[in-house]
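**Student:** Attaching a single structure in structure tokens format; questions to follow.
The values are calculated or read from the model by the stated rules, or taken from the named source; none is laboratory data. The structure presented is a predicted model; accordingly, all values stated were derived computationally and were not measured. As a convention, Cβ positions derive from the backbone with ideal geometry for all residues, glycine included, and neighbour counts pool all protein chains shown. Remember, those area values only see protein heavy atoms, side chains included, never the ligands or the DNA or RNA. Shrake-Rupley method; radii C 1.70, N 1.55, O 1.52, S 1.80 Å.
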2 protein chains.
Amino acid sequence: MSLVVVGSVAYDGVETPHGKVDRMLGGACTYIALSASYFTHTKIVAVVGEDFDPADRGLLSSRNIDLAGLETARGKTFFWAGKYSDDMNDRETLRTDLNVFADFNPKLPEDYRNQPYLLLGNIQPELQRSVRAQMNGVRLVGGDTMNFWIRDHRAELLKTIREWDFLLINDSEARMLSGHQNLKRAARAIIEMGPHTVVIKRGEYGAMLFRPADFFIMPGYLLEEVFDPTGAGDCFAGGFIGYLAQRGIDLRDNMIDRRELSRAVIYGSVMGSFCCEKFGVDRFRTLTRPEIDARYQEFKNFTDF
Amino acid sequence: MSLVVVGSVAYDGVETPHGKVDRMLGGACTYIALSASYFTHTKIVAVVGEDFDPADRGLLSSRNIDLAGLETARGKTFFWAGKYSDDMNDRETLRTDLNVFADFNPKLPEDYRNQPYLLLGNIQPELQRSVRAQMNGVRLVGGDTMNFWIRDHRAELLKTIREWDFLLINDSEARMLSGHQNLKRAARAIIEMGPHTVVIKRGEYGAMLFRPADFFIMPGYLLEEVFDPTGAGDCFAGGFIGYLAQRGIDLRDNMIDRRELSRAVIYGSVMGSFCCEKFGVDRFRTLTRPEIDARYQEFKNFTDF
């Protein structure tokens, strides 16, 4: 039961109230795959430049992530730099150098094509569709998107998500995509666009999962110190799809135990919370599955009534 | 097991994106008492002017609220008018006429003084202290406050809450009172100020309850339409203390079943959510206890995992 993940593998420069790192491993695909790797075998599709550090490749390999689909192209790796506001609820992009990512044309290795789970990280909707088209008989496909695609590439995006089982999206983007301020209505409108399952991420406030006849709401994990929120949403996605893949769950099955979906959301929140505890991907250098399960149990305890 | 509630009984003018009402029954004491009345017998201490409408008195009586402590003074009833922003997360005060409230000097009727539960609505900390001092052997005392008292009457406020078992406060006010941005740290700092139980209200995002060795977090109820959020925080307070009074719970007991506290928070959220469904107190004209318990059960369902 492998999971295929497509998205960016990048270098990030990040400044938060807790410090500044000029260059560190980042990118949606990186965070999703590291997070999902605690739950299921994960194969990535991405592109890096000749400057990609073998130590960073080593970190991914150490989590048993399949790098057969990680292409190395002539040029430099995608670079992004940003600075967070004092309360870390906003961030300003200081620099975006697409580099080798500008000509990324994902090609799936043969043994990726028959895998049952596919997570399309936040990239151009056309590329997400091209990856989807290369998969045979995928059981569960979903992905993430962002305000840029919603605003400036709406038709492409709608064409893309029509084929998805689930969409992961944050609250402001759900409002933008649907035109509804109320999140229940926003979710209903998005379900009309194709995905039968919509997960709305609310940052520190938790997440909600909507299906045509059901919904689930969970608060966020209360961290005492958020060092760097970069990648938290992608780690949420990795925990969510990772848990579903680990359990072999088919979201298209209407008889599914709805608590399994809730648990996938909780594992998503758990992974997002760990991500924020250190800069970049640093928390994943030491994180263990027992720590993850202990935090899942904490969720049980602080929400029990 | 009666509950004594002190606070304002007022007339409000409210404008939201859904409409405008020039003058309707309002005030913290009104909302708290209406909400608590579904759980326990409630006695109010407040002042109104000669213009107070018998029909409004009738609404309170219809909920079996004891009005022996509702004084009528010469002059007009406290009037407040405000206008909500489009997303209803902010509001602007358009007018505040204290009227008879300016000289309010609460005096408790004899049979109020031996009641076990006391909720001090948001009024001057000195008045809250004076009411507290008139009670004999109260089992559980707590209250609400607001930014104005925190900023401009801090010493008085600290002297007042030192004697409380619990403080109900919203997230921005918890940050202002404690000086901590992080809500876990904020709660810990407030516990140091006196109350062993701190409930932080987060509006649509739910609420958190902190005790020295425990905490509980719950998402908010997802309404499809918020007509008027006025009074929602007070209705939360009424549901919270009302449930504790109904169950005869003593928060000072360290052996207390912590899920009882969680349930009190849920009932608080349930009552806050009903309040928003209509303008002012209108929802309480028809609301029934079975509707309340059904919504409590909905919370169980949408948070189960």
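**Student:** Please determine whether any residue of the range B:159-167 is closer than 27 Å to B:Phe210 by Cβ, among the hydroxyl-bearing types (Ser, Thr, Tyr) and in contact with a helix residue (DSSP H, G or I) (Cβ under 6 Å, 6 or more places away or on another chain). Steps first, please.
**Tutor:** Pass one, the range B:159-167, residues closer than 27 Å to B:Phe210 by Cβ: B:159-167.
Next cut, among the hydroxyl-bearing types (Ser, Thr, Tyr) only: B:160.
Narrowing the set further to residues that are in contact with a helix residue (DSSP H, G or I) (Cβ under 6 Å, 6 or more places away or on another chain) leaves B:160.
The answer is yes, given that some residue of the range B:159-167 is closer than 27 Å to B:Phe210 by Cβ, among the hydroxyl-bearing types (Ser, Thr, Tyr) and in contact with a helix residue (DSSP H, G or I) (Cβ under 6 Å, 6 or more places away or on another chain).
**Student:** For the range B:38-62, how many residues are in contact (Cβ under 8 Å) with a residue 40 or more places away in the chain and out of contact with any strand residue (DSSP E or B) (no Cβ under 9 Å at 6 or more places or on another chain)?
**Tutor:** 1
**Student:** Can you find, within the range B:168-190, the residue that is farthest from A:Phe216 (Cα to Cα) among those that are outside any helix (DSSP H, G or I) and either more than 11 Å from every other protein chain (Cβ to nearest Cβ) or touching a Gly at 6+ places or on another chain (Cβ under 7 Å) (or both)?
**Tutor:** Here is the first cut: in the range B:168-190, the residues outside any helix (DSSP H, G or I) are B:168-170, B:179-182.
From the residues that got through so far, the ones that are either more than 11 Å from every other protein chain (Cβ to nearest Cβ) or touching a Gly at 6+ places or on another chain (Cβ under 7 Å) (or both) too are B:168-170, B:179.
Details: B:Leu168: 26, B:Ile169: 26, B:Asn170: 24, B:Gly179: 34 Å.
My answer is B:Gly179.
**Student:** Let me ask you something else. Which ones in the range A:236-250 are touching a Leu at 6+ places or on another chain (Cβ under 8 Å) and crowded, with 24+ Cβ neighbours inside 10 Å? Spell out the reasoning first.
**Tutor:** We begin by selecting, within the range A:236-250, every residue touching a Leu at 6+ places or on another chain (Cβ under 8 Å); these are A:236-238, A:240-242, A:244-245, A:249-250.
Matches in the range A:236-250: A:Phe236, A:Ala237, A:Gly238, A:Phe240, A:Ile241, A:Gly242, A:Leu244, A:Ala245.
**Student:** On the phi > 0 side of the Ramachandran plot and not β-branched (Val, Ile, Thr): does that describe A:Gly280? Let's see the steps before the verdict.
**Tutor:** Working: on the phi > 0 side of the Ramachandran plot: yes; not β-branched (Val, Ile, Thr): yes.
Yes, satisfied.
**Student:** Being away from chain B (no Cβ under 14 Å) and surrounded by 13 or more Cβ atoms within 10 Å (Cβ to Cβ) is the filter here; which residues of the range A:79-97 pass it?
**Tutor:** The answer is A:Phe79, A:Trp80, A:Ala81, A:Gly82, A:Lys83, A:Arg91, A:Thr96, A:Asp97.
**Student:** Sticking with this one: For the range A:135-147, which positions are polar (S, T, N, Q) and surrounded by fewer than 18 Cβ atoms within 10 Å (Cβ to Cβ)?
**Tutor:** Our first condition is that a residue be polar (S, T, N, Q); within the range A:135-147, this holds for A:136, A:145, A:147.
A:Asn136, A:Asn147, listed by residue number.
**Student:** Go through the range A:49-74 and give me each residue that's open to solvent by 30 Å² or more (accessible area, probe 1.4 Å) and of a type in the set (Gly, Ala, Ser).
**Tutor:** Within the range A:49-74, A:Ala55, A:Gly58, A:Ser61, A:Ser62, A:Ala68 meet the criteria.
**Student:** For the range A:98-113: of the residues being within 20 Å of the chain's Cα centre (by Cα) and of a type in the set (A, V, I, L, M), which is surrounded by the most Cβ atoms within 10 Å (Cβ to Cβ)?
**Tutor:** Ranking the qualifying residues of the range A:98-113, first place goes to A:Leu108.
**Student:** What pairs come up if the first residue lies in the range A:235-249 and is outside any helix (DSSP H, G or I), the second is surrounded by fewer than 24 Cβ atoms within 10 Å (Cβ to Cβ) and among the aliphatic types (A, V, I, L, M), and their beta carbons are under 7 Å apart, counting only those six or more places apart or on different chains?
**Tutor:** Taking only residues 6 or more apart or on different chains, the pairs are A:Gly248/A:Met1; A:Ile249/A:Ile256.
**Student:** With A:Gly137, A:Gly121, A:Gly142 as the choices, which residue is modelled with pLDDT under 95 and among the small types (Gly, Ala, Ser)? Can you show your working first?
**Tutor:** Working: A:Gly121 fails: modelled with pLDDT under 95; A:Gly142 fails: modelled with pLDDT under 95.
On inspection, the qualifying residue turns out to be A:Gly137.
**Student:** Scan the range B:139-167 residue by residue and report those that are in contact with a Phe, Trp or Tyr (Cβ under 7 Å, 6 or more places away or on another chain) and not in a loop (DSSP other than H, G, I, E, B). Can you show your working first?
**Tutor:** First, pick out the residues of the range B:139-167 that are in contact with a Phe, Trp or Tyr (Cβ under 7 Å, 6 or more places away or on another chain): B:139-143, B:157.
Hits for the range B:139-167 are B:Leu140, B:Val141, B:Gly142, B:Gly143, B:Leu157.
**Student:** Could you list all residues from the range B:92-138 that are in a loop (DSSP other than H, G, I, E, B) and in contact with a Phe, Trp or Tyr (Cβ under 9 Å, 6 or more places away or on another chain)? It would help to see each step written out before you state the result.
**Tutor:** Step one: filter the range B:92-138 for residues in a loop (DSSP other than H, G, I, E, B), giving B:98, B:104-109, B:113-116, B:121-124, B:135-138.
The answer is B:Leu98, B:Phe104, B:Gly121, B:Asn122, B:Ile123, B:Gln124, B:Met135, B:Val138.
**Student:** Against the conditions (1) modelled with pLDDT under 95; (2) touching a strand residue (DSSP E or B) at 6+ places or on another chain (Cβ under 9 Å); (3) more than 28 Å from B:Arg188 (Cα to Cα), where does A:Asp214 fall short? Just the number, please.
**Tutor:** If we test A:Asp214 against (1) modelled with pLDDT under 95; (2) touching a strand residue (DSSP E or B) at 6+ places or on another chain (Cβ under 9 Å); (3) more than 28 Å from B:Arg188 (Cα to Cα), just (2) comes out false.
**Student:** For B:Phe216, all conditions in the list (1) touching an Asp or Glu at 6+ places or on another chain (Cβ under 7 Å); (2) part of a strand (DSSP E or B) hold save one; what is the number of the exception?
**Tutor:** Among (1) touching an Asp or Glu at 6+ places or on another chain (Cβ under 7 Å); (2) part of a strand (DSSP E or B), B:Phe216 violates only (1).
**Student:** Let me ask something else. Restricting attention to the range B:250-260, report how many residues are touching a residue at least 12 places away in the same chain (Cβ under 8 Å) and closer than 15 Å to B:Lys300 by Cα. Outline the logic, then answer.
**Tutor:** Our first condition is that a residue be touching a residue at least 12 places away in the same chain (Cβ under 8 Å); within the range B:250-260, this holds for B:250-252, B:258, B:260.
After this cut, where a residue has to be closer than 15 Å to B:Lys300 by Cα as well, the list is B:260.
Result for the range B:250-260: 1.
**Student:** Run down A:Glu126, A:Glu156 and say which single residue is open to solvent by 70 Å² or more (accessible area, probe 1.4 Å), acidic (Asp, Glu) and farther than 28 Å from A:Ile256 by Cα.
**Tutor:** On the way: A:Glu156 fails: open to solvent by 70 Å² or more (accessible area, probe 1.4 Å).
The match here is A:Glu126.
**Student:** Taking the stated definitions as given, is B:Met176 aliphatic (A, V, I, L, M), surrounded by fewer than 22 Cβ atoms within 10 Å (Cβ to Cβ), within 24 Å of B:Ser273 (Cα to Cα) and touching a residue at least 24 places away in the same chain (Cβ under 8 Å)?
**Tutor:** Numbers: aliphatic (A, V, I, L, M): yes; surrounded by fewer than 22 Cβ atoms within 10 Å (Cβ to Cβ): yes; within 24 Å of B:Ser273 (Cα to Cα): no; touching a residue at least 24 places away in the same chain (Cβ under 8 Å): yes.
In short, no.
**Student:** Still on this structure: Restricting to the range B:191-235, count the residues that are away from chain A (no Cβ under 14 Å) and surrounded by fewer than 21 Cβ atoms within 10 Å (Cβ to Cβ).
**Tutor:** The total comes to 6.
**Student:** May I pose another question? Given the conditions (1) at pLDDT 95 or above; (2) surrounded by fewer than 24 Cβ atoms within 10 Å (Cβ to Cβ), which single one is not true for A:Ala46?
**Tutor:** So A:Ala46 meets the others, but not (2).
**Student:** Any idea how many residues of the range A:120-141 are within 23 Å of A:Cys235 (Cβ to Cβ) and touching a His at 6+ places or on another chain (Cβ under 9 Å)?
**Tutor:** Residues in the range A:120-141 being within 23 Å of A:Cys235 (Cβ to Cβ) and touching a His at 6+ places or on another chain (Cβ under 9 Å): 2 in total.
**Student:** Going by the structure shown, is A:Leu251 more than 14 Å from the chain's Cα centre (by Cα), facing chain B (nearest Cβ under 9 Å) and not small (Gly, Ala, Ser)?
**Tutor:** No.
**Student:** Same structure again: I'd like the full set of residues that are outside any helix (DSSP H, G or I), farther than 13 Å from A:Asp228 by Cα and open to solvent by 20 Å² or more (accessible area, probe 1.4 Å), limited to the range A:258-305.
**Tutor:** Quick first cut of the range A:258-305, residues outside any helix (DSSP H, G or I) only: A:276-281, A:286-288, A:304-305.
Subsequent filtering for residues that are farther than 13 Å from A:Asp228 by Cα retains A:286-288, A:304-305.
Hits for the range A:258-305 are A:Thr286, A:Thr288, A:Asp304.
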